Amino acid sequence: MNADGHCIIRLLDADTVNQIAAGEVVERPASVVKELVENSIDAGATRVIIDLTSDRRGIGRIRVVDNGSGMAREDARMAFVPHATSKIRHIADLSKSMTLGFRGEALASIAAVSEVSLATAERGTDRTGTEIIVKAGSMTRSEEIGTPPGTTVTVKDLFFNTPARKKFQKPVSSEIAFITRQVESFAIAHPEIAFRFVHNGSVRLSTEEEGDLFGVLVSLYGAGIATELIPVEACEGPVKIFGYITKPSFSRQNSSGILISINRRQVLARPVADAVRSGYGTLLPDKRYPLAFLELSIDPALIDVNVHPAKRFVRLSRERDICSLVTQAVVRVLRGANLVPEAPLDHTLHAGSKKSPLPYNQSGRPACEVHEPAHTEYILTDRRLRQTALVPGLMEAQENQPDIEFLGQYNGIYILARGAEGDLLLIDQHAAHERVLYDQLSATRGMSDESQELLVPVILTVTPAEYQFIRVAIPLLTGKGFVIEEFGRDSYAVRAVPAALGSTARYEAVRDVILEFSSNRRCTGPDAEEMLTRSMACHGAVKAGTVMTPDQCRRLLDQLSRTASPWTCPHGRPVMVSLSRDRLDQMFLRR
Ligand code: ADP
Ligand code: MG
C-alpha cells in the first residue's frame with residue numbers, strides 16, 4: 001500500500017492487457033503477414049494475395065485477401081475478441097489440432113495496435129457480407145456490405161499507439177525482405193495454394209494453384225535448381241517425410257536454406273535442420289549446408305505447438321528418433337542419387353568463356369582426387385577443379401626477387417618452396433592467396449574508385465528474398481567497388497567488382513560474396529566492412545585443386561612474402577608449414 005492507503009497492485013485494464021499481448025504476437029509487420037496468412041490457410045483458401053504498400057517512412061498498409069470459408073456476421077465480430085477462436089474448444093483438442101492458429105489472439109492483438117478492417121462473406125452466399133473496422137481495440141464500424149466470398153483483412157497504421165515499438169522497427173527494405181522470405185516459406189509449405197505477393201502494385205512472387213512442391217521451387221529459385229533437387233520420401237511409424245534436398249554441389253554457407261515444416265507449419269526446428277546436414281556427412285565440407293525443403297507429418301499427439309506465442313517453435317516428443325529418421329532418409333537418398341554436378345547454365349558464366357565441366361572417369365566420379373582438407377570455404381565437388389587458374393590480384397609485374405623459391409605444386413593444393421633459411425615450405429595456396437587479397441582489399445578500404453569493370457557483366461538470378469537483401473547491401477558493396485544494378489524483377493547485373501578481385505572474377509565468387517554478405521543481415525553493422533573484406537578475400541582466392549602455372553605460383557609467393565603476416569590467413573589458419581633441413585635429415589636417419 002502507498003501513503004494514501006491505496007493498493008499499489010492493480011489489475012490491468014483490457015486495453016493494456018491486449019497491448020501487452022500484442023507485443024508478443026505482433027513484433028513487426030512481418031508478424032501481421034504471418035498471422036493473417038495463417039488464418040487464410042486455416043480457412044481453407046486456395047488463393048491468397050498479400051498486398052503491401054510502403055514508402056520511405058515505413059510500411060503503409062498490409063492487406064491479405066483469401067477465398068477461404070469467410071465468416072458470418074456474428075463470427076466476424078467475435079473474431080476480434082481476445083482468446084476467441086473457432087479452432088479448439090478445450091486444451092485437449094490441441095493434441096489433435098492440425099490448424100495453424102488456436103490461441104485466438106492474433107486478430108485481437110493486431111487490432112490493439114493498428115486499424116484493422118475486415119470484409120468477409122461466407123462461401124455459398126451471394127456476395128453479401130460484413131465489414132468491420134476496429135481501431136486500437138475499439139470497433140468503429142460494423143455494416144453489411146457486398147463482397148465476394150472469402151475474407152479480406154487490411155491493416156493500417158501499425159504501432160501508431162505504441163511509439164516505443166514503432167521506433168524499434170527495422171528499415172523498410174529489410175522488413176520487405178523478411179516478409180518476402182516469409183511468403184516464400186508459405187508457398188513452399190503449401191504448394192496447393194496459389195500465393196501472390198504484391199508490393200507497391202508490382203507482383204513480387206506468385207505461385208500456381210495446385211502446383212506441386214517441385215514447381216514451386218522452380219518458380220522461386222529459377223530453372224537452375226531443377227537438376228539439383230533430389231526427392232526424399234520416407235515413412236516410419238508415426239512420421240512421414242516428404243520433400244526435396246539439393247545435391248552437395250549446391251551448398252550454402254549457412255543453414256538458412258533448410259526449410260522444415262511440421263504438419264504444414266513452418267517452424268524453426270534447429271535439431272531437424274542439423275539432422276538433415278548430418279545426413280550429408282563428408283559429402284559437404286565443414287560449415288557448408290544444403291538446401292532442403294522437407295515436410296514432416298507427425299502424429300499431432302507427439303507435438304506440443306503451444307510453446308511460443310508466435311508458434312515459431314514446436315516441441316517434439318521423441319525428437320531424437322525423429323531426427324535420426326531424417327538423417328537416415330537423407331543418407332539413403334544421397335547414396336542412391338547421381339551427385340555429379342550439372343554444368344551451370346551458359347548465361348550464368350562470366351566472360352562468355354564457356355568452361356568445360358570436370359573430367360570424369362568411368363565410375364562417374366570426378367577423375368581428380370577428393371580431398372578432405374582443413375578449409376571450409378569451398379565445395380569439394382567444385383567444377384573448377386583441374387582448371388588452370390586466372391589468379392586475380394597477382395597480375396602486376398614482379399620487381400624484386402622473392403625470398404621464397406618456387407619448387408613445385410602438389411595436387412593443385414600445396415605449393416612447395418624453399419624458404420629464406422633453406423627450409424622446405426609447404427604452402428596452402430588458397431590460404432596464401434586469401435591473405436594476399438585480404439591485405440590488398442583492406443588497403444582500399446572505403447575507396448570506391450578501386451573498381452574493375454567486368455568483361456561481361458555477371459547476372460545474378462536470385463529469389464525474391466535475396467533480391468531484397470541485396471538491395472539493402474548495395475550501398476556498402478558499392479563503397480567497396482562493386483557496381484550492381486537491378487536487372488529485371490529477379491536479377492541483378494554486376495558490372496564491376498573491387499579491383500583486387502580482377503576483371504576475370506569467377507561467377508561463383510561474385511555470387512557467393514554478394515549473397516553471403518547480404519543475407520547475413522549484418523551488412524549494415526559496424527564490422528560489416530571487415531566481414532565483406534574477409535568474404536571477398538576468401539571467395540576471390542584461388543581454390544584448392546586449381547592447377548596454377550609456375551609463374552602464377554611465383555607471383556603468389558612473392559606477394560605473400562610482402563604481406564604483413566604471411567603465416568596465417570584472415571581466419572587464423574596456417575598458410576604454411578616448414579621443414580628444416582635438420583628435421584628432414586633426422587627423418588631419413590642421415591644423422
Ligand atoms: P486463431 O487463428 O488462433 O483462432 P485469430 O485471432 O487469428 O485466432 O482468429 C480468430 C478467429 O477468426 C479464427 O478462429 C477464425 O474462426 C476467424 N478467422 C480469422 N481470419 C479468418 C479468415 N481469413 N477466414 C475465415 N475465418 C477467419
Ligand atoms: Mg490465427
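The values are calculated or read from the model by the stated rules, or taken from the named source; none is laboratory data. No experiment lies behind these values; they were computed from the predicted model shown. Counting neighbours? That spans all protein chains shown, and the Cβs are built from the backbone with ideal geometry, glycine included. What goes into the accessible areas is simple: the full protein's heavy atoms, side chains included, and nothing from ligands, DNA or RNA. Shrake-Rupley method; radii C 1.70, N 1.55, O 1.52, S 1.80 Å.
Within region 279-313, the set of residues being in a loop (DSSP other than H, G, I, E, B), in contact (Cβ under 8 Å) with a residue 12 or more places away in the chain and open to solvent by 30 Å² or more (accessible area, probe 1.4 Å) comprises Asp286, Lys287, Asp299, Asn306, Pro309, Arg312, Phe313.
With respect to the conditions (1) in contact with a Cys (Cβ under 9 Å, 6 or more places away or on another chain); (2) under 29 Å from Ile133 (Cα atoms), Ile241 lacks only one, and its number is (2).
For region 18-36, filtering for residues that are open to solvent by 10 Å² or more (accessible area, probe 1.4 Å), more than 18 Å from Arg196 (Cα to Cα) and within 16 Å of ligand 2 (Cβ to nearest atom) leaves 4.
Scanning region 187-210 for any residue that is open to solvent by 40 Å² or more (accessible area, probe 1.4 Å) and in a helix (DSSP H, G or I) turns up nothing.
Taking the criterion of being open to solvent by less than 60 Å² (accessible area, probe 1.4 Å) and either more than 8 Å from ligand 1 (Cβ to nearest atom) or outside the structural domain of Ala43 (by TED's automatic domain parsing) (or both), the only residue of region 96-109 that qualifies is Ser97.
Quick check on region 1-15. Is at least one of its residues out of contact with any Lys or Arg (no Cβ under 8 Å at 6 or more places or on another chain), open to solvent by less than 40 Å² (accessible area, probe 1.4 Å) and either modelled with pLDDT of 90 or more or within 16 Å of ligand 1 (Cβ to nearest atom) (or both)? No; the residues of region 1-15 include none that is out of contact with any Lys or Arg (no Cβ under 8 Å at 6 or more places or on another chain), open to solvent by less than 40 Å² (accessible area, probe 1.4 Å) and either modelled with pLDDT of 90 or more or within 16 Å of ligand 1 (Cβ to nearest atom) (or both). Residues of region 57-64 include at least one that is within 12 Å of ligand 1 (Cβ to nearest atom) and open to solvent by less than 40 Å² (accessible area, probe 1.4 Å).
Phe168 falls short on exactly one of the conditions (1) in contact (Cβ under 8 Å) with a residue 24 or more places away in the chain; (2) more than 14 Å from ligand 1 (Cβ to nearest atom); (3) open to solvent by 10 Å² or more (accessible area, probe 1.4 Å); (4) closer than 16 Å to Ala30 by Cα, and that condition is (1).
Screening Glu143 on (1) touching a residue at least 24 places away in the same chain (Cβ under 8 Å); (2) away from ligand 2 (no atom under 13 Å from the Cβ); (3) surrounded by fewer than 18 Cβ atoms within 10 Å (Cβ to Cβ) shows it passes everything except condition (1).
Among the candidates Thr151, Thr120, the residue that is within 37 Å of the chain's Cα centre (by Cα), without any contact (Cβ under 8 Å) to a residue 60 or more places away in the chain and within 11 Å of ligand 1 (Cβ to nearest atom) is uniquely Thr120. Between Phe214, Phe242, which is without any contact (Cβ under 8 Å) to a residue 40 or more places away in the chain and over 17 Å from the mean Cα position of the chain (by Cα)? Of the residues listed, the single one that is without any contact (Cβ under 8 Å) to a residue 40 or more places away in the chain and over 17 Å from the mean Cα position of the chain (by Cα) is Phe214. Thr180 - would you say it is of a type in the set (Val, Ile, Thr), closer than 17 Å to Arg471 by Cα and open to solvent by less than 30 Å² (accessible area, probe 1.4 Å)? Yes: the conditions hold for Thr180. Of all the numbered requirements in (1) farther than 19 Å from Val37 by Cβ; (2) surrounded by 22 or more Cβ atoms within 10 Å (Cβ to Cβ); (3) in contact (Cβ under 8 Å) with a residue 60 or more places away in the chain, Asn161 misses one, and that requirement is (2). Every residue in region 557-591 that is at pLDDT 85 or above and in contact with a helix residue (DSSP H, G or I) (Cβ under 6 Å, 6 or more places away or on another chain), please. If the condition is that a residue be at pLDDT 85 or above and in contact with a helix residue (DSSP H, G or I) (Cβ under 6 Å, 6 or more places away or on another chain), then Gln559, Leu560 are the ones that fit. Applying the set (1) touching a helix residue (DSSP H, G or I) at 6+ places or on another chain (Cβ under 9 Å); (2) surrounded by fewer than 17 Cβ atoms within 10 Å (Cβ to Cβ); (3) under 26 Å from Ile41 (Cβ atoms) to Asp274 leaves exactly one unmet item: (3).
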